[in-house]
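K.L.:
Below is the structure I would like to discuss, written out as structure tokens.
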Amino acid sequence: MTKTKNILITGGAGFIGAHVVRRFVIKYSDYHIYNLDALTYAGNLENLTDIEAKDNYSFLHGDITDQAYINTIFKQYKFDAVIHLAAESHVDRSITDPLAFAKTNILGTMVLLNAFKALHKNNWAGKRFYHISTDEVYGSLGESGLFEESTPYDPNSPYSASKASSDHFVRAYGETYGLPYVITHCSNNYGPYQFPEKLIPLFINNILDDKPLPVYGDGNYTRDWLYVVDHAIAIDLVFHKGENHETYTIGGFNEWKNIDLVKVLCKQMDEKLNRVSGTSEKLITYVKDRPGHDLRYAIDAAKINKELGWNPTVTFEEGLSKTIDWYLNNKQWLSSVSSGNYQDYYKKQYAKL
Ligand code: NAD
Ligand code: DAU
């Protein structure tokens, strides 16, 4: 069948990218989906084994910072659209190695923008560059208020500064060259296939191994949690129905202080593992705070709700339960991604535990 669109998804072997690739490959058999990923420590093709044989899917192993390679594949496959997720995504790693974040997140985004511009030479009809950003570019909220599309940028970590910078370049290419873009800013995702350096999968993994649960500072930091499949649904909607040169904030209407979330997680883990109630909570260990730790993130998702009809479909209780079940049923995945280099990172990051 001739395909109606060639779509490049970057970072499709990562956590959110794998859910987006899966959704697009299964739902849109008239599109050809090219998944470009460098397969860093965070990228894993095992995340996509269920769809890898589909005839509308191809994997491209490459680095978004390599302009020559990127130009070659843009010429070869003539992408009509890009959904750009590839990034260095972990705040703690950005504190120890900020330059790696500038390279991938800023330079990599510019390389893609340049290749898209060179391919289409201002013939933009039906084309789209969708940049996946984060709510962290807005900095930190106090005890009240919500992030929305008009909130001024105020990034505090090298990660969020690099994402903010990449957003500015996307917008600038829109203003300067007319490049048709959309940008979304989502809150914290959780769900299957998340690398166990992020709070929820890290703590599930540690509970399974009877290891301490390192809560930063006093644990009174707040995040707004969204089940990853609901983010993939939002991305699908914005890709197809969002307006060019617009931004959308996406969140779960689901704020939790870290310590409260961790206690709920511990309770569910005890139940699922048939352990005496309170066993996992005993592993909670307060550790030195993350430098520049943002106090609170929370999203007003009214615009995407009103304009595109999006709402989260999965409650937190249901999403957390599904997530834990997935990790319990995929211990092999957990141990294979937690081996090798990740052990060195863990030892350095949590040296005192
Ligand atoms: P992830 O770290 O799980 O995956 C990132 C993927 O990008 C990996 O597959 C990795 O191999 C790939 N990658 C990294 N550097 C690359 C390079 N130079 N060239 C090609 N591929 C490269 O990240 P994630 O949590 O799935 O996040 C995906 C995107 O969504 C990121 O842009 C992130 O900023 C954004 N985001 C994440 C969250 C969240 O809660 N995880 C929330 C909002 C926005
Ligand atoms: O808000 C969206 C962002 O959410 C994304 O842009 C990032 O890519 C993603 O990593 C996530 O950033 P956070 O820093 O909020 O996520 P993380 O899972 O690292 O931490 C969540 C909270 O838990 C945060 O307040 C720090 C705390 N934490 C985290 C770890 C890893 C701990 O207390 N202990 C830990 O060991």
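Nothing in this text is a laboratory measurement; each read-out follows from the coordinates by a stated rule. All values derive from a computational prediction rather than experimental measurement. Heads up, the Cβs are rebuilt from the backbone with ideal geometry, glycines too, and the neighbour counts pull from every protein chain shown.
K.L.:
Around Asn6, under 14 Å between beta carbons, what's the net of Lys plus Arg minus Asp minus Glu among the other residues? Kindly include the intermediate steps, with their values, before the conclusion.
P.N.:
Details: positive: Lys3, Lys5, Lys75, Lys78, Lys127, Arg128; negative: Asp30, Asp55, Asp80.
Net of charged neighbours comes to +3.
K.L.:
For Lys303, which aspartates and glutamates qualify as cross-link partners when the Cα separation must be under 13 Å and same-chain residues fewer than eight apart are set aside?
P.N.:
Straight-distance partners of Lys303: Glu148, Glu149, Glu243, Glu246.
K.L.:
List the relative contact order of the chain as a percent without decimals, with contacts defined as Cα pairs under 8 Å and 6+ residues apart.
P.N.:
Details: 639 pairs, mean separation 59.1, N = 353.
RCO, the chain: 17 percent.
K.L.:
Need one number: % antiparallel among DSSP beta bridges in segment 199-298, to the nearest 5.
P.N.:
Details: 3 of 8 bridges.
Bridges in segment 199-298 that DSSP calls antiparallel: roughly 40 percent.
K.L.:
Could I ask something else about it? For the chain, find the longest principal axis of its Cα atoms and tell me its angle to the long axis of helix 316-329, 0 to 90°, nearest 10.
P.N.:
So the inclination is approximately 90 degrees.
K.L.:
By how many nm would the segment from Ser335 to Ser321 grow when fully extended, if each residue of separation counts as 0.36 nm and the alpha-carbon distance is taken off? Write out the running numbers ahead of the final one.
P.N.:
Values: separation 14, 0.36 × 14 = 5.04 nm, distance 2.03 nm.
Contour length minus the Cα-Cα distance gives 3.0 nm.
K.L.:
Here's something else I'd like to know. Give Lys263/Lys347; Lys272/Lys352; Lys121/Lys241; Lys127/Lys198; Lys75/Lys348; Lys163/Lys257 a once-over and call out the pairs whose C-alpha atoms are over 31 Å from each other. If you can, show how the numbers build up before the last one.
P.N.:
On the way: Lys263/Lys347 24 Å; Lys272/Lys352 29 Å; Lys121/Lys241 24 Å; Lys127/Lys198 34 Å; Lys75/Lys348 42 Å; Lys163/Lys257 24 Å.
In this structure, Lys127/Lys198; Lys75/Lys348 exceed 31 Å between Cα atoms.
K.L.:
Can you list the residues of segment 234-251 with backbone N under 12 Å from a point 7 Å past the Cα of Thr4, pointing along Cα to Cβ?
P.N.:
Counting only backbone N, you get 240.
K.L.:
Also: Which whole-number percent gives the relative contact order of segment 61-138, counting Cα pairs below 8 Å spaced six or more residues apart?
P.N.:
Details: 63 pairs, mean separation 36.2, N = 78.
Relative contact order here is 46 percent.
K.L.:
Moving on to the next point. Any idea what angle helix 158-177 forms with the longest principal axis of the chain, computed on alpha-carbon atoms, 0 to 90 degrees, nearest 10?
P.N.:
The two axes meet at around 20 degrees.
K.L.:
On to the next question. Name the residues whose placed amide hydrogens come within less than 5 Å of the amide hydrogen of Tyr57, ignoring near sequence neighbours (fewer than 5 apart) on the same chain.
P.N.:
Ile33
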